[in-house]
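Below: the structure, in structure tokens.
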Protein chains: 2
Amino acid sequence: MPPECYPSAASEPAPEPEPKARRIDGKVISAAIKEEIKEEVQKLMAEHNLQPGLACMIVGERKDSQSYVKSKKKTAGELGFHSVDVALPADVTQEVVLAEVKKLNDDPAVHGILVQLPLPDHIDEEIILAAISLEKDADGFSPVNMGRLCMKGKLKPTAVPCTPKGCIEMLDRMGVEIEGKKAVVLGRSNIVGIPVAHLLLHRNATVTICHSRTKDLPSVVREADILVAAVGRAEMVRGDWIKPGAVVIDVGINSKDDPSKKAGYRLVGDCNMKEMFQVASMATPVPGGVGPMTIAMLMKNTVELAKASKGIA
Amino acid sequence: MPPECYPSAASEPAPEPEPKARRIDGKVISAAIKEEIKEEVQKLMAEHNLQPGLACMIVGERKDSQSYVKSKKKTAGELGFHSVDVALPADVTQEVVLAEVKKLNDDPAVHGILVQLPLPDHIDEEIILAAISLEKDADGFSPVNMGRLCMKGKLKPTAVPCTPKGCIEMLDRMGVEIEGKKAVVLGRSNIVGIPVAHLLLHRNATVTICHSRTKDLPSVVREADILVAAVGRAEMVRGDWIKPGAVVIDVGINSKDDPSKKAGYRLVGDCNMKEMFQVASMATPVPGGVGPMTIAMLMKNTVELAKASKGIA
């Protein structure tokens, strides 16, 4: 073979390093969970004549909200749930929204109620969430459920917020031990950071919550045996922020300009994925990590609420 | 003077090292706060014909509970509050306790309701606390208030638990900057650890919650710029657990055998006080630190609830 067939070492581009971390595959895990739920629904219908019912309410016409609600309804249908849709125009009054929530509270075929957020500005989100009957709070966002989640007590939340619950479920299904580990939660939102911190604490992790005002963030993040990144900043966490061997759950879903894509952007997490997979021992990709878990957990919550409504263990 | 009057250096006991930390004096700070409250009560009565009213309910005859309630009533009286006592026998039914709470909820002269904990075993603490009207939840222990405390939102808690609130008040009155600091909370109780962690987080500290299952606890505690010890173990935190220059709030009140005392014991904190005062830059003593703050904060909460009931800013 002529020598020109052998590119010289100097001109050869550096090969992409092999990712070292195991991939925590949200698609595979959520598919398994949905299969389990499907079987459980069949059993509940056969043995208890109980069909879990999920109501999804959407106010206004945000494209992203419509697309979320559509996939929730689709999954509910696939798993054999009874499904109720309430779509209200963007200019509806708060009273009408409250009346619709009350109707769903009173509907015995509905076991879980989801109000898609955000709501239009003139509607008070907290008042609407607090109006959902605790027994049907499929998202676990009512203040009483959040209070119960944050406190140790006999009264447990009727449901736990879906994305944080999905993070813990992934760790469990991957066999990651949580007890005694240093967990760092990056971000303190009501829907992810705060509840996931409490779930980790309930599982006896030592938990640090850090955020935009944290000083020397990389050094705080580097302490984590388990890192949950939920800050909503594209690829903020670099490889050298991650402790070698750490387990990383990347909750962020951010769009990043990418002219090579037809849409002009691609979805990236809060962590630089390539670097993270070089340093961590296990990590979730974006997309295909936490994202698919959220809907699976919503379905799981609804089944649990349906069972609780009939006192089925 | 004969030489025997000068004890030799060899036989002289080593002098006690001078404490280096500034003392955060809960007695002095709480006295100042009570003075401010007293003036405010006079102003509220003169300008709004509003006398803050505090109801204390005690169930059973625990000596420690009786003594706490007694000092709360005494302070309420000194500050010019209207004061209501409800003392119920230990064998009272839960229904009677609930009915008494309801009476206080309906009493327009009562703005704050305190149910002294612990309640007898046959009474469900969480049900009783949840029955207190949110507008009169002087201790801030209702699950809705705990939920609001843990979440960021437009709806703030009507009141914040007294001991955690007292910790923050001490830091503020001593001019300790909280924002951006590393705060470590040792202990995760509903009444101190969890709420104080959220209060520190609201003030933009980076917060780590550690507990009995934390591995290598001293090294975690040593990270703290601000340490809140609330674990209930006598003198557990040694001097070498504390970062030099840290600010330490010791919430623990533990009794320790001491034959030199008439009672046979003395009160000690969760930190070894002598060692702590050698290493920290500021610290609370036990007794005389956080203890006196709790009642002052209960009074402050009651005044705030009274003002809120009339829409006074």
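Condition test on residue A:137, is it within 27 Å of residue A:292 (Cα to Cα) and touching a helix residue (DSSP H, G or I) at 6+ places or on another chain (Cβ under 7 Å)?
Considered against the rule, which asks whether it is within 27 Å of residue A:292 (Cα to Cα) and touching a helix residue (DSSP H, G or I) at 6+ places or on another chain (Cβ under 7 Å), residue A:137 comes out as yes.
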Top-ranked residue in region B:148-163 [being closer than 15 Å to residue B:134 by Cβ and either among the polar types (S, T, N, Q) or at pLDDT 90 or above (or both); ranked as surrounded by the fewest Cβ atoms within 10 Å (Cβ to Cβ)]: B:156
Residue in region A:190-205 that is touching a helix residue (DSSP H, G or I) at 6+ places or on another chain (Cβ under 6 Å) and either more than 13 Å from chain B (Cβ to nearest Cβ) or of a type in the set (Phe, Trp, Tyr) (or both) present: no
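How do the helices (runs of 4 or more DSSP H) wholly within region A:99-176 filter down when requiring 3 or more residues that are away from every other protein chain (no Cβ under 14 Å) and not small (Gly, Ala, Ser): which remain?
By residue number, A:162-173.
I'm trying to understand the selection: among the residues of region A:177-189, which are within 11 Å of chain B (Cβ to nearest Cβ) and of a type in the set (Asp, Glu)?
Within region A:177-189, just A:179 meets the criteria.
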Every residue from region B:24-81 that is surrounded by 20 or more Cβ atoms within 10 Å (Cβ to Cβ), among the small types (Gly, Ala, Ser) and under 15 Å from the mean Cα position of the chain (by Cα): B:26, B:30
Selected residue [in contact with an Asp or Glu (Cβ under 7 Å, 6 or more places away or on another chain) and more than 26 Å from residue A:140 (Cβ to Cβ)] from A:268, A:184, A:231: A:268
Contacts under 6 angstrom Cβ, first residue in region B:120-131 being touching a residue at least 40 places away in the same chain (Cβ under 8 Å), partner outside any helix (DSSP H, G or I) and surrounded by fewer than 16 Cβ atoms within 10 Å (Cβ to Cβ), 6 or more apart: B:120/B:90
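Please specify each residue of region A:164-195 satisfying the condition of being of a type in the set (Val, Ile, Thr) and modelled with pLDDT under 95.
Matches in region A:164-195: A:191 only.
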Qualifying residue in region B:268-287 (condition: aliphatic (A, V, I, L, M), within 14 Å of chain A (Cβ to nearest Cβ), crowded, with 16+ Cβ neighbours inside 10 Å and touching a residue at least 24 places away in the same chain (Cβ under 8 Å)): no
Test: residue in region A:87-109 that is at pLDDT below 95 and out of contact with any Cys (no Cβ under 9 Å at 6 or more places or on another chain): no
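Taking residue A:208, is it touching a residue at least 60 places away in the same chain (Cβ under 8 Å) and of a type in the set (Ser, Thr, Tyr)?
Numbers: touching a residue at least 60 places away in the same chain (Cβ under 8 Å): no; of a type in the set (Ser, Thr, Tyr): yes.
When the stated conditions are applied, residue A:208 does not pass them.
Based on this model, can you work out whether residue B:227 counts as closer than 29 Å to residue B:312 by Cα and among the hydrophobic types (A, V, I, L, M, F, W, C)? Can you show your working first?
Working: closer than 29 Å to residue B:312 by Cα: no; among the hydrophobic types (A, V, I, L, M, F, W, C): yes.
When the stated conditions are applied, residue B:227 does not pass them.
Here's the yes/no breakdown for (1) outside the structural domain of residue B:84 (by TED's automatic domain parsing); (2) closer than 26 Å to residue B:212 by Cα:
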| position | (1), (2) |
| --- | --- |
| B:118 | no, yes |
| B:130 | no, no |
| B:143 | yes, yes |
| B:149 | yes, yes |
| B:168 | yes, yes |
| B:175 | yes, no |
| B:184 | yes, yes |
| B:192 | yes, yes |
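What are the residues in region B:87-98 that are part of a helix (DSSP H, G or I) and more than 28 Å from the chain's Cα centre (by Cα), if any? Walk me through how you get there before you give the answer.
First, pick out the residues of region B:87-98 that are part of a helix (DSSP H, G or I): B:94-98.
Across region B:87-98, the qualifying residues are B:95, B:96.
The values are calculated or read from the model by the stated rules, or taken from the named source; none is laboratory data. Small disclaimer: the values here were computed from a predicted structure and weren't measured. Glycine gets a Cβ as well: all are built from the backbone with ideal geometry, and neighbour counts include every protein chain shown.
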